[in-house]
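Trainee: My structure is below; once you've seen it, I'll send some questions.
The values are calculated or read from the model by the stated rules, or taken from the named source; none is laboratory data. From a predicted model like this one, the values you see are computed outputs, not experimental measurements. Here the Cβ positions follow ideal geometry from the backbone for every residue, glycine too, while neighbour counts run over all protein chains shown.
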Amino acid sequence: MTLMTPDAAVGTDRRPPEPPVPPTHDILLVDVPAVPLRRPGDLVGLTLSLAGIAAVLVLAVYAPRTTRAVSGDVATALAVVRSLLLAPLTALEGVAAYLVPAAVLVAAVSRRALRTAAGMVLAAAASVLAAVVLLRLGGHLTVVEGVLDPAAPAGSELVGASPYVAGLTALLTVAASDMRHRAVPWTLLWVVLGVSVIQGRQTMAGAAVFVLLGHAVGLLLRYLLGAGSDRASGPALVRAVRRAGLDPVRILRRDVPADGVRAVAWRVRTSAPVGYPEPRPFGLARPIPEDVGAGTSPPGDSITVDEITDAVAARAGMADAADQDGARDGARHYAAWDTEERRYDISVLDGDRQVLDYLGGLWDTLRIRGLRRRGGSNLRENAGHTILMILWAQHAGVRTPPLVGVAAARNSVIMITAHIPGLRPLADLPAEELDDTVLDDVWQQLRAAHGRGLSHNDLDARSVLVDAGRRVRLAHWDHGDTLASELAQRIDLAQALVLLAVHAGPDRAIASATRSLGRANLAAVAPLVQPVALPASTRVALRPRRHLLEDLRRNPAQLVPTASTEPARINRFSPRTVVLVVVGGVAAWVLMGSLGSEDVASAISGARPGWMVAAFLLGMVTYLGSSLGLVAFSPERLGLVRTTLVQLAASLLALVVPAGVGPAGLNLRFLQRRQVALPVAIATVGLTQLMQFLMTMLLLVSTALLTGSVGTLTAPSPVLVIVVLGAAMALMAALALPPVRRWALAKVRPTLAQLGPRLSWLTGHPSRVALGALGGLLLSAGYIAAFGASLAAFGDTLPLVTLAITYLGASAAGSLIPSPGGIGPIELALTGGLTVAGMPYGTALSTTLLFRLADLLGTRTPRLAGSPRSGAPR
């Protein structure tokens with residue numbers, strides 16, 4: 001029988017006793033004081049809000065009846081609810097409209113967040129002002145009026161009307177950075193919007209526009225003024241380091257300026273235990289201190305300025321050169337020493353920096369074939385992926401700084417790694433230490449990672465580290481992949497080859513790669529040596545050595561004769577392709593959307609068929625003029641008919657490649673097939689284009705003289721004068737910059753050098769000069785005449801000089817964006833040029849479409865007629 005102790009018999013409280021209060025610890029922290037942050041995510045949100053406003057306006061243009069019908073259907077469907085719950089909804093609307101802003105402002109002032117409170121008031125005022133301006137524009141712009149006009153009669157503007165909603169949205173957007181309970185005020189805002197739509201005081205599209213407007217203004221003000229920091233700092237950082245398993249005595253910030261001006265020494269006292277505490281029994285669990293709001297601190301924790309310790313002197317104890325450099329990966333870096341004076345390195349990932357990394361990785365994944373930048377859309381997912389990559393790399397036998405602890409605090413994740421003495425980036429190694437052993441070790445570490453299915457995906461100078469024993473270690477596995485494809489691993493090898501070539505020279509890099517990979521594998525990597533596969537820092541290091549990549553591709557081909565020296569196509573698209581697609585899409589959308597307007601319909605219905613046929617026939621003359629110039633300046637005899645057919649084929653080619661690029665290339669190929677040497681062919685094409693430009697200028701001057709416009713010639717409108725002068729000033733300003741001037745000279749000098757001998761040859765053949773001049777005149781006159789005939793088809797005319805200036809200027813402006821066939825930009829430029837010259841918009845658009853349609857038909861009809869000649873001997 002078990003006897004009960006007296007204490008047990010008397011005791012009535014069966015709850016387990018409270019654990020003893022842990023002792024406090026005093027830690028030296030040298031860090032940068034918290035300052036308001038400008039979050040990149042705010043700029044991303046601002047861009048999305050503006051895009052949302054544009055999308056709503058687009059819907060209002062193309063589906064005005066739909067947007068109004070949806071609002072009407074909602075109001076009709078909820079009419080019963082409006083009649084039954086009118087009083088409660090009105091009361092709730094008043095609470096949301098008046099009490100929510102006051103409560104949010106009072107809360108900010110009580111937290112002494114005066115900067116945030118001022119930003120809230122400023123954002124609300126700016127949003128209301130912007131909304132009022134937008135409403136005033138509604139009386140002049142049909143698009144805005146169709147979106148913002150409420151369904152109810154005018155004069156029923158109450159609290160739910162748009163300007164106030166925009167101001168309330170902006171206020172809550174600025175307050176969200178420091179607000180703990182965000183769901184309540186935002187829910188009330190949605191109630192206000194719903195009530196206003198139900199009561200017919202604004203449309204659903206109008207509500208969306210003003211919410212997005214207020215959100216955009218709030219994000220802009222929040223970015224300009226800076227938001228409160230929710231990063232782990234001070235006691236929260238120290239507690240997280242202890243939770244990760246480290247008992248520090250001092251923590252020093254590494255990535256601050258070398259002079260330590262901004263660094264401050266603090267004394268942090270905390271009772272946080274080392275390691276993750278065991279779960280408490282049910283009923284005694286308390287909130288984890290790090291999960292409490294950013295403005296609170298656990299009881300017993302304190303932080304005070306250390307007046308004795310000098311921050312500069314404290315940081316001077318870090319001997320490694322890498323410790324004096326600023327962080328280049330967006331993380332915060334610290335050095336910590338435990339009670340036994342062992343040093344550790346700490347990396348702190350902050351959530352406000354993750355949006356740029358996520359967008360950059362997403363862009364690379366979409367743009368580069370076979371490359372998958374793993375990770376997540378938030379901080380925890382990214383940190384988990386990085387931890388997995390480090391641990392898997394260690395398991396694969398790759399030397400990397402060992403991970404010893406992780407923890408999370410507030411909006412930050414702390415990762416602690418063992419400190420490796422003497423660790424330096426590859427770029428900081430002196431030339432005498434960068435021997436073949438180090439180069440070969442880079443390849444061995446990569447092969448060990450690739451053998452377990454890993455890829456690094458971001459090998460640059462800061463990722464390849466060398467310790468005091470001259471052993472290579474690979475770091476920064478943030479963008480790596482655990483299930484890497486063969487292409488991704490080859491991209492790793494290409495990045496390593498270029499990196500070693502930059503710092504050790506191409507010959508030594510290729511020799512090391514040949515020893516470690518073999519000739520065949522090196523030859524397979526060579527086509528991937530191209531800028532799109534390289535990290536940004538490596539591309540910057542390559543700028544002074546422009547021909548290095550070409551040398552790296554050519555040298556392996558000499559070792560393996562069957563290897564290709566051409567770059568492999570690994571990019572799905574380029575930024576230029578995105579710009580072309582967007583510009584072309586916008587141009588097509590604008591043009592197609594304008595076809596349904598009454599002005600355009602009226603102009604098309606009154607078109608004259610005779611002038612339309614004349615525009616088509618005059619456009620055909622341009623092919624004869626283009627072929628005459630090529631025949632005149634070619635040293636070999638070219639048939640006029642065959643050359644004209646080549647110009648037709650070049651026009652077809654221009655429909656699928658940027659204007660000017662495809663035709664010039666086809667003409668060069670045609671001349672080479674006629675036994676003309678490539679340098680002479682380039683000079684011939686350049687001379688033809690030069691003559692066409694000179695004849696165009698001569699045609700303008702001659703027209704002005706013959707029509708008596710000299711002395712009385714005036715600009716079609718002041719706008720056109722401003723545009724021309726602005727373009728000329730922009731060109732002169734660009735040429736005043738030495739880099740732009742050097743780039744222009746580099747582009748022009750080879751052509752000018754090749755034109756010299758051809759010009760000397762032409763001085764002895766005046767008949768060829770005359771024939772080339774005739775071709776240039778026919779080309780320019782044909783285009784201008786076809787453009788004038790297209791305008792005459794709709795019953796309008798312009799003075800000849802004005803017509804020529806309008807066509808030539810608009811065509812040149814539209815050709816600046818090299819879309820296939822110039823489709824899109826040229827149509828917009830021609831339409832805008834005619835509008836500036838005084839033509840009605842409907843006539844200008846109809847003229848442009850007729851002229852471009854005649855040009856496109858002219859490229860196809862004669863080609864069909866000439867197709868039987870395609871089999872003629874060359």
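Trainee: Is it fair to say R286 is closer than 23 Å to R242 by Cα and either modelled with pLDDT of 85 or more or crowded, with 19+ Cβ neighbours inside 10 Å (or both)? Outline the logic, then answer.
Mentor: Working: closer than 23 Å to R242 by Cα: yes; either modelled with pLDDT of 85 or more or crowded, with 19+ Cβ neighbours inside 10 Å (or both): no.
So R286 fails the test.
Trainee: Continuing with this model, one more query. If I ask for residues that are assigned to a strand (DSSP E or B) and either on the phi > 0 side of the Ramachandran plot or out of contact with any His (no Cβ under 9 Å at 6 or more places or on another chain) (or both), which ones from the stretch 466-483 would you list?
Mentor: So in the stretch 466-483, the residues assigned to a strand (DSSP E or B) come out as 466, 472-474, 481.
Once the filter is applied, which keeps residues that are assigned to a strand (DSSP E or B) and either on the phi > 0 side of the Ramachandran plot or out of contact with any His (no Cβ under 9 Å at 6 or more places or on another chain) (or both), the stretch 466-483 yields V466, V472, R473.
Trainee: Another question about this same structure. Taking A496 as the residue in question, decide whether it is crowded, with 16+ Cβ neighbours inside 10 Å, at pLDDT 90 or above, in the same structural domain as H547 (by TED's automatic domain parsing) and farther than 20 Å from R369 by Cα. Even if it seems obvious, please write down each step before you answer.
Mentor: Values: crowded, with 16+ Cβ neighbours inside 10 Å: yes; at pLDDT 90 or above: yes; in the same structural domain as H547 (by TED's automatic domain parsing): yes; farther than 20 Å from R369 by Cα: no.
Against the criterion (crowded, with 16+ Cβ neighbours inside 10 Å, at pLDDT 90 or above, in the same structural domain as H547 (by TED's automatic domain parsing) and farther than 20 Å from R369 by Cα), A496 does not qualify.
Trainee: Select, from V74, V100, V21, V106, the only residue that is surrounded by fewer than 14 Cβ atoms within 10 Å (Cβ to Cβ), modelled with pLDDT under 80 and over 30 Å from A263 (Cα atoms). It would help to see each step written out before you state the result.
Mentor: Details: V74 fails: surrounded by fewer than 14 Cβ atoms within 10 Å (Cβ to Cβ); V100 fails: surrounded by fewer than 14 Cβ atoms within 10 Å (Cβ to Cβ); V106 fails: modelled with pLDDT under 80.
Going through V74, V100, V21, V106 in turn, the sole match is V21.
Trainee: Cβ contacts < 6 Å: first residue surrounded by 13 or more Cβ atoms within 10 Å (Cβ to Cβ) and of a type outside the set (A, V, I, L, M, F, W, C), restricted to the stretch 730-755; second residue assigned to a helix (DSSP H, G or I) and at pLDDT 70 or above, any location; separation 6+ or different chain. Result?
Mentor: T751/G686; Q754/P679; Q754/I682; Q754/A683
Trainee: Do we find that A509 is buried (at least 23 other Cβ atoms within 10 Å of the Cβ) and part of a helix (DSSP H, G or I) in this structure? Explain how you work it out, then say what you get.
Mentor: Numbers: buried (at least 23 other Cβ atoms within 10 Å of the Cβ): yes; part of a helix (DSSP H, G or I): yes.
It is true that A509 is buried (at least 23 other Cβ atoms within 10 Å of the Cβ) and part of a helix (DSSP H, G or I).
Trainee: How many of the residues making up the stretch 772-786 are touching an Asp or Glu at 6+ places or on another chain (Cβ under 9 Å) and surrounded by fewer than 21 Cβ atoms within 10 Å (Cβ to Cβ)? Steps first, answer last, please.
Mentor: Here is the first cut: in the stretch 772-786, the ones touching an Asp or Glu at 6+ places or on another chain (Cβ under 9 Å) are 783, 786.
With the extra rule that they be surrounded by fewer than 21 Cβ atoms within 10 Å (Cβ to Cβ), the set shrinks to none.
Residues meeting the conditions: 0.
Trainee: Right, another one. Report, ordered by the first and then the second residue, all pairs with beta carbons closer than 7 Å, sequence separation of six or more or different chains, a first member in the stretch 452-468 that is touching a residue at least 60 places away in the same chain (Cβ under 8 Å) and closer than 19 Å to V438 by Cα, and a second member that is small (G, A, S) and outside any loop (DSSP other than H, G, I, E, B).
Mentor: Close Cβ pairs satisfying both conditions: L459/A496; D460/S537; A461/A427; A461/S537.
Trainee: Counting just the residues of the stretch 822-874 that are in contact with a helix residue (DSSP H, G or I) (Cβ under 8 Å, 6 or more places away or on another chain), over 19 Å from T644 (Cβ atoms) and not in a helix (DSSP H, G or I), which one comes out modelled with the lowest pLDDT?
Mentor: G822
Trainee: Please indicate, with yes or no, whether at least one residue in the stretch 187-203 is at pLDDT 85 or above and surrounded by fewer than 20 Cβ atoms within 10 Å (Cβ to Cβ). Show your work before the answer.
Mentor: Going residue by residue through the stretch 187-203, those that are at pLDDT 85 or above are none.
Checked the stretch 187-203: no residue is at pLDDT 85 or above and surrounded by fewer than 20 Cβ atoms within 10 Å (Cβ to Cβ).
Trainee: Of the residues G665, G625, only one is modelled with pLDDT of 60 or more, of a type outside the set (F, W, Y), part of a helix (DSSP H, G or I) and buried (at least 19 other Cβ atoms within 10 Å of the Cβ); which?
Mentor: On the way: G665 fails: buried (at least 19 other Cβ atoms within 10 Å of the Cβ).
The conditions single out G625.
Trainee: State yes or no: is E307 at pLDDT below 75, of a type in the set (D, E, K, R) and in a loop (DSSP other than H, G, I, E, B)? Full working, then the answer.
Mentor: Details: at pLDDT below 75: no; of a type in the set (D, E, K, R): yes; in a loop (DSSP other than H, G, I, E, B): yes.
In short, no.
Trainee: Can you tell me which residue among A509, A488, A427, A449 is closer than 21 Å to I387 by Cβ and in contact (Cβ under 8 Å) with a residue 60 or more places away in the chain? It would help to see each step written out before you state the result.
Mentor: Details: A509 fails: closer than 21 Å to I387 by Cβ; A427 fails: closer than 21 Å to I387 by Cβ; A449 fails: in contact (Cβ under 8 Å) with a residue 60 or more places away in the chain.
Exactly one of A509, A488, A427, A449 is closer than 21 Å to I387 by Cβ and in contact (Cβ under 8 Å) with a residue 60 or more places away in the chain, namely A488.
Trainee: Among the residues of the stretch 542-556, is there at least one that is in contact with a helix residue (DSSP H, G or I) (Cβ under 6 Å, 6 or more places away or on another chain) and either of a type in the set (V, I, T) or at pLDDT 90 or above (or both)?
Mentor: no
Trainee: Could you tell me whether the stretch 390-400 includes any residue that is surrounded by 16 or more Cβ atoms within 10 Å (Cβ to Cβ) and part of a strand (DSSP E or B)? Walk me through it before giving the result.
Mentor: Narrowing the stretch 390-400 to residues surrounded by 16 or more Cβ atoms within 10 Å (Cβ to Cβ): 390, 392-393, 396, 398-400.
Then drop every residue that is not part of a strand (DSSP E or B), which leaves none.
There is no residue in the stretch 390-400 that is surrounded by 16 or more Cβ atoms within 10 Å (Cβ to Cβ) and part of a strand (DSSP E or B).
Trainee: Within the stretch 159-171, take every residue that is out of contact with any Phe, Trp or Tyr (no Cβ under 6 Å at 6 or more places or on another chain) and modelled with pLDDT of 85 or more and give me the one that is nearest to T116 (Cα to Cα). If you could, list the steps in order and put the result at the bottom.
Mentor: Going through the stretch 159-171, the residues out of contact with any Phe, Trp or Tyr (no Cβ under 6 Å at 6 or more places or on another chain) turn out to be 159-161, 163-164, 167-171.
Next, only the ones that are modelled with pLDDT of 85 or more stay: 167-171.
Numbers: G167: 15, L168: 15, T169: 15, A170: 12, L171: 10 Å.
That would be L171.
Trainee: Let me ask something else. Out of curiosity, is V641 surrounded by fewer than 17 Cβ atoms within 10 Å (Cβ to Cβ), assigned by TED's automatic domain parsing to the domain that holds T847 and modelled with pLDDT of 80 or more? Can you show your working first?
Mentor: Values: surrounded by fewer than 17 Cβ atoms within 10 Å (Cβ to Cβ): yes; assigned by TED's automatic domain parsing to the domain that holds T847: yes; modelled with pLDDT of 80 or more: yes.
So V641 fits the description; yes.
Trainee: Counting just the residues of the stretch 249-283 that are β-branched (V, I, T), in contact with a Lys or Arg (Cβ under 8 Å, 6 or more places away or on another chain) and surrounded by 21 or more Cβ atoms within 10 Å (Cβ to Cβ), which one comes out modelled with the lowest pLDDT? Full working, then the answer.
Mentor: So in the stretch 249-283, the residues β-branched (V, I, T) come out as 249, 251, 256, 261, 264, 268, 270, 274.
Remaining after also requiring in contact with a Lys or Arg (Cβ under 8 Å, 6 or more places away or on another chain): 256, 270, 274.
If we keep only those that are surrounded by 21 or more Cβ atoms within 10 Å (Cβ to Cβ) as well, we get 256, 270.
Values: V256: 65, T270: 89.
Across the stretch 249-283, the extreme among qualifying residues is V256.
Trainee: Given the options L212, L246, name the one that is over 21 Å from G351 (Cα atoms), surrounded by fewer than 22 Cβ atoms within 10 Å (Cβ to Cβ) and out of contact with any Lys or Arg (no Cβ under 9 Å at 6 or more places or on another chain).
Mentor: Details: L246 fails: surrounded by fewer than 22 Cβ atoms within 10 Å (Cβ to Cβ).
Result of the check over L212, L246: L212.
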